[in-house]
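Chemist: After the structure tokens below, expect a handful of questions from me.
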Amino acid sequence: MTYSEARKAQWKQPGYRQFMLDRMNGPNNPRWCGGRRLDKTTGYMMVRCFGDPTRYRAEHIIIAERSLGRRLKKGEVVHHINCDRADNRNSNLLICKIGYHRWLHEQMATAYAKEHFGG
Ligand SMILES: [Zn+2]
């Protein structure tokens, strides 16, 4: 048996294909922690890109894109509802247009000012 024949035979083994697929889907699995780190500058969780281990992508964007079923378009941003940038639970993420996002933060700043400085 040649090497390539052996490889082909391996793929026919029951469970092997699924095992390999699970391994490849690793970075898309929220419980996969192999290439996940906190970016201290931005406060975002970063996940290593599958296929390019030197690159990281923001985890909240990956999660948002997965639930949308497509890539984010230009001008779309992901807001963290509780303002914790490392909290990437689906329920904490809001996909919105950049203008709305800016407005949202202005509202939060106004509410904060009122709460802390009166008015
Ligand atoms: Zn925001």
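The values are calculated or read from the model by the stated rules, or taken from the named source; none is laboratory data. Predicted, not measured: the structure shown is a model, and the values here were computed from it. As a convention, Cβ positions derive from the backbone with ideal geometry for all residues, glycine included, and neighbour counts pool all protein chains shown.
Chemist: Spot the failing condition for residue 64; the list is (1) aliphatic (A, V, I, L, M); (2) at pLDDT below 95; (3) assigned to a helix (DSSP H, G or I); (4) in contact with a strand residue (DSSP E or B) (Cβ under 7 Å, 6 or more places away or on another chain), and only one is missed.
Modeler: (2)
Chemist: Then there's this: Looking at 44, 56, which is the one that is at pLDDT 95 or above, more than 16 Å from residue 96 (Cα to Cα) and either among the aromatic types (Phe, Trp, Tyr) or more than 16 Å from the ligand (Cβ to nearest atom) (or both)?
Modeler: 44
Chemist: If you don't mind, another one. Please name all residue pairs, on different chains or six or more residues apart, with Cβ atoms under 6 Å, provided the first residue is in the range 88-104 and is charged (D, E, K, R) and the second residue is more than 10 Å from the ligand (Cβ to nearest atom) and outside any helix (DSSP H, G or I).
Modeler: 97/75
Chemist: From the list 32, 11, which one is surrounded by 13 or more Cβ atoms within 10 Å (Cβ to Cβ) and at pLDDT below 85?
Modeler: Residue meeting the stated conditions: 32.
One line per residue, one yes/no per condition, for (1) surrounded by 16 or more Cβ atoms within 10 Å (Cβ to Cβ); (2) touching a Phe, Trp or Tyr at 6+ places or on another chain (Cβ under 9 Å); (3) over 22 Å from residue 105 (Cα atoms):
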site	(1), (2), (3)
47	yes, yes, yes
53	no, no, yes
75	no, no, no
78	yes, no, no
89	no, no, no
93	yes, no, no
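Chemist: Also, quick follow-up: Does the range 78-86 contain any residue that is β-branched (Val, Ile, Thr) and assigned to a helix (DSSP H, G or I)? Quick ask: steps written out before the conclusion?
Modeler: Keep residues of the range 78-86 that are β-branched (Val, Ile, Thr), which gives 78, 81.
The next check asks that each one be assigned to a helix (DSSP H, G or I); those that pass are none.
Checked the range 78-86: no residue is β-branched (Val, Ile, Thr) and assigned to a helix (DSSP H, G or I).
Chemist: Give the residues of the range 62-74 that are within 16 Å of the ligand (Cβ to nearest atom) and free of Cβ contacts under 8 Å to residues at least 24 places away in the same chain, sorted by residue number.
Modeler: Within the range 62-74, just 72 meets the criteria.
Chemist: Applying the selection to the range 90-107, what residues are more than 8 Å from the ligand (Cβ to nearest atom) and either at pLDDT below 95 or in a helix (DSSP H, G or I) (or both)?
Modeler: The answer is 90, 91, 92, 98, 99, 100, 102, 103, 106, 107.
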